[in-house]
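The values are calculated or read from the model by the stated rules, or taken from the named source; none is laboratory data. The structure displayed is predicted, hence computed values, not measured ones. No Cβ is skipped: glycine too gets one built from the backbone with ideal geometry, and neighbour counts run over all protein chains shown. To get the accessible areas, we keep the full protein, side chains included, count just its heavy atoms, and leave off ligands, DNA and RNA. Shrake-Rupley method; radii C 1.70, N 1.55, O 1.52, S 1.80 Å.
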Amino acid sequence: MRTPTINFLRQISTSYLNLFIVLFLSSITAKINLGSPSIVPNSDILSLKTLNLDGHFSFHDVHHVAKDFGNRYHFVPSAILHPKSVSDISTTIKHIFQMGLSSKLTVAARGHGHSLQGQSQAHEGIVINMESLQGLEMYVHTGKVPYVDVYGGELWINVLHKTLNYGLAPKSWTDYLHLSVGGTLSNAGISGQAFRHGPQISNVHQLEIVTGKGEVVNCSANHNADLFHGVLGGLGQFGIITRARISLEPAPKMVKWIRVLYSDFSTFTKDQELLISAEKTFDYIEGFVIINRTGLLNNWRSSFSPQDPLQASHFKSDGKTLFCLELTKNFNPDETNIINQEVKSLLSQLAYIQSTLFISEVSYLEFLERVHVSEMKLRSKGLWEVPHPWLNLLIPRTKIHDFAEGVFGNILADNSNGPILIYPLNKSKWDNNVSVVTPSEDIFYLVAFLSSAVPSCSGSDSLGRILTQNKRVLDFCEMAGIGMKQYLPHYTTQEEWQAHFDPRWEAFIRRKSAYDPLAILAPGQRIFHRQYASPDADLTSIA
């Protein structure tokens, strides 16, 4: 049996991004993939120096953008654009577009570099440092329908700090807030609030986009709607999000933060589905799987107190697979008594292990920043920049038990390499017009394997073993007919991409042809290669 290298507490309390790193780390390694031989003429690069920009290009100090959070691929660009205005981005892309097929330059927008498969990199192309747009003014509208206008390179944590000054906050989050607005909106943006408010892409009023032609286009659900819906969850394939109008709501001051454990998967999912379907419920609902852990309750953070310390002391996990339900209820100090009664009533409907009720009260900001606190601790120990071969799946509700039996009860029966999230989402909160593909059922589950690899390791924590394990999970889904869809997808063949988007494939191709006909954007996704493209191409070739 593998000895856990990071305690249960760190896995749970840091929530998912980083709680999976082992304690013995000597060096950092990554899979280096420099792509094909040089294809970009030097004259194309030199022509960038002729552009009249508010910002500037870097041509020499470029290696730091040849990596990302996944830390498996290194694609070295020819230049980095540091824009000081949206027009810098437009001018650059328009310049490349006007070169036509004679140029092989491609462009990748990079926010905080949290992509997993090199999507924010551009081999011998141009990486746009979207964080250069930080500091440009955010505008908070405090009227009857509050919103914030923010640049695409801004981090969500900065948006939160700004809006809290007005007693407001966005409705839907990711677990980790040090991500760019444009980055999460290009995927979906999911966390424990999504069952109620939908993903972040369901809470956007307007967008400003620079398309693959270099055009600056404002769009919404009622104006240039095809581009608006295409860009949301569009993996950066139709345009770069340079500004977004995000819906806001009144921000609470405090959060009652609750964790309970289950030993039975059916009971665990039944309670989750009950909570996400109730009219009066918690404000945040997430779950995760705990495989082969012992001494669990001894590893809770000291800030979490058991509801009944004596009863909790008798609980023994014995290394069994357990399931944790994490809940929050937002409130203001003058509502404490009312909230306590509401929480008590909600918990009375659940069938968790009674001795495992742990509760804490923290500020709203502290709860939303829970992952970043642990990130800083891991960075200080050199335990952050390791390969992260994550696998994120969306599983139909009717197949979640088959999935759990095959994966948690078989493939991962002995150990796991990091946190495993599992919680249900309501499809009614997702816009069917956007580019994100989800299962067709009314309720589906996010299952996220947030693994971290140990450099120079040949055991179960090695990159190779984790990738093999991920493949086993995917192969099982295929053979068992699970009907899953990948979240944050990455494929290498046309057939795979077409199967992923079906029946939306034709709409995806049509949008690509309209807004990025030369396939200049998002080379890291490896969806479209420019050598197959022409101004009027069908663009069905995928690499």
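Being surrounded by 22 or more Cβ atoms within 10 Å (Cβ to Cβ) and farther than 24 Å from His95 by Cα is a property that Ile246 has. When Ile482, Ile422 are screened for being of a type in the set (A, V, I, L, M), within 23 Å of the chain's Cα centre (by Cα) and over 24 Å from Ser115 (Cβ atoms), only Ile482 passes.
For the stretch 279-319, the set of residues classified as modelled with pLDDT of 70 or more and under 26 Å from the mean Cα position of the chain (by Cα) consists of Thr281, Phe282, Asp283, Tyr284, Ile285, Glu286, Gly287, Phe288, Val289, Ile290, Ile291, listed by residue number. Annotation: of all residues in the stretch 249-266 being assigned to a strand (DSSP E or B) and open to solvent by 20 Å² or more (accessible area, probe 1.4 Å), the one that is nearest to Tyr147 (Cα to Cα) is Glu249.
Scoring Thr92 on the criteria (1) within 24 Å of His372 (Cα to Cα); (2) surrounded by 24 or more Cβ atoms within 10 Å (Cβ to Cβ) leaves a single failure, condition (1). Checking Asp414, Asp461 one by one, the residue that is open to solvent by 40 Å² or more (accessible area, probe 1.4 Å) and of a type in the set (Asp, Glu) is Asp414 and no other. Beta carbons closer than 9 Å, at least 6 apart along the sequence or on distinct chains, pair a first residue in the stretch 497-515 that is touching a residue at least 12 places away in the same chain (Cβ under 8 Å) and closer than 11 Å to Gly234 by Cβ with a second that is open to solvent by 40 Å² or more (accessible area, probe 1.4 Å) and in a loop (DSSP other than H, G, I, E, B) for Tyr515/Lys213; Tyr515/Glu215. Screening the stretch 128-151 for residues that are hydrophobic (A, V, I, L, M, F, W, C) and assigned to a helix (DSSP H, G or I) and picking the one that is nearest to Gly182 (Cα to Cα) gives Met130.
Among the residues of the stretch 417-445, the ones that are buried (at least 17 other Cβ atoms within 10 Å of the Cβ) and either small (Gly, Ala, Ser) or over 28 Å from Ser202 (Cβ atoms) (or both) come to 3 in all. Assess whether Leu346 counts as being more than 19 Å from Asp264 (Cβ to Cβ) and either in a strand (DSSP E or B) or at pLDDT below 95 (or both). No; evaluated as a whole, the condition is false for this residue. Here the condition is being closer than 30 Å to Val386 by Cβ and surrounded by fewer than 24 Cβ atoms within 10 Å (Cβ to Cβ); of His141, His112, it holds for His112 alone. Of everything listed in (1) at pLDDT 95 or above; (2) surrounded by 15 or more Cβ atoms within 10 Å (Cβ to Cβ), the single unmet condition for Lys270 is (2). Flag: Ala448 does not match the condition of being buried (at least 18 other Cβ atoms within 10 Å of the Cβ) and more than 30 Å from His229 (Cβ to Cβ). When we screen Leu350, Leu391 for residues that are in contact (Cβ under 8 Å) with a residue 40 or more places away in the chain, open to solvent by less than 50 Å² (accessible area, probe 1.4 Å), farther than 30 Å from His74 by Cα and hydrophobic (A, V, I, L, M, F, W, C), the only hit is Leu350. Scanning the stretch 359-377 for residues that are under 21 Å from Asn337 (Cβ atoms) and not in a helix (DSSP H, G or I) yields Ile359, Ser360, Glu361, Val362, Ser363.
In the stretch 467-485 there is no residue that is under 23 Å from Ser120 (Cα atoms), modelled with pLDDT of 95 or more, open to solvent by 20 Å² or more (accessible area, probe 1.4 Å) and assigned to a loop (DSSP other than H, G, I, E, B).
Here is the figure for the stretch 491-514: residues that are in contact with a Ser or Thr (Cβ under 8 Å, 6 or more places away or on another chain) and in a loop (DSSP other than H, G, I, E, B) total 1.
Conditions tested, residue by residue: (1) among the charged types (D, E, K, R); (2) assigned to a strand (DSSP E or B); (3) out of contact with any Asp or Glu (no Cβ under 6 Å at 6 or more places or on another chain).
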| site | (1), (2), (3) |
| --- | --- |
| Ile157 | no, no, yes |
| Lys162 | yes, no, yes |
| Ala169 | no, yes, yes |
| Tyr176 | no, no, yes |
| Thr184 | no, no, yes |
| Gln206 | no, yes, yes |
| Val217 | no, yes, yes |
| His223 | no, no, yes |
| Thr242 | no, yes, no |
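Among the residues here, Gln119 qualifies as open to solvent by 20 Å² or more (accessible area, probe 1.4 Å), polar (S, T, N, Q) and touching a helix residue (DSSP H, G or I) at 6+ places or on another chain (Cβ under 6 Å). Restrict the check to the stretch 213-235 and report whether at least one residue is modelled with pLDDT under 95, small (Gly, Ala, Ser) and open to solvent by 10 Å² or more (accessible area, probe 1.4 Å). Scanning the stretch 213-235 turns up no residue that is modelled with pLDDT under 95, small (Gly, Ala, Ser) and open to solvent by 10 Å² or more (accessible area, probe 1.4 Å). Going through (1) of a type in the set (A, V, I, L, M); (2) part of a loop (DSSP other than H, G, I, E, B); (3) under 23 Å from Pro424 (Cβ atoms); (4) open to solvent by less than 40 Å² (accessible area, probe 1.4 Å) one by one, Leu488 falls short only on (4).
Restricted to the stretch 353-377, and to residues there that are within 18 Å of Thr174 (Cβ to Cβ) and hydrophobic (A, V, I, L, M, F, W, C), the residue that is surrounded by the most Cβ atoms within 10 Å (Cβ to Cβ) is Leu368. Look at (1) of a type in the set (S, T, N, Q); (2) under 30 Å from Ala169 (Cβ atoms); (3) at pLDDT below 95 and you find that Asn158 fails only one, number (3).
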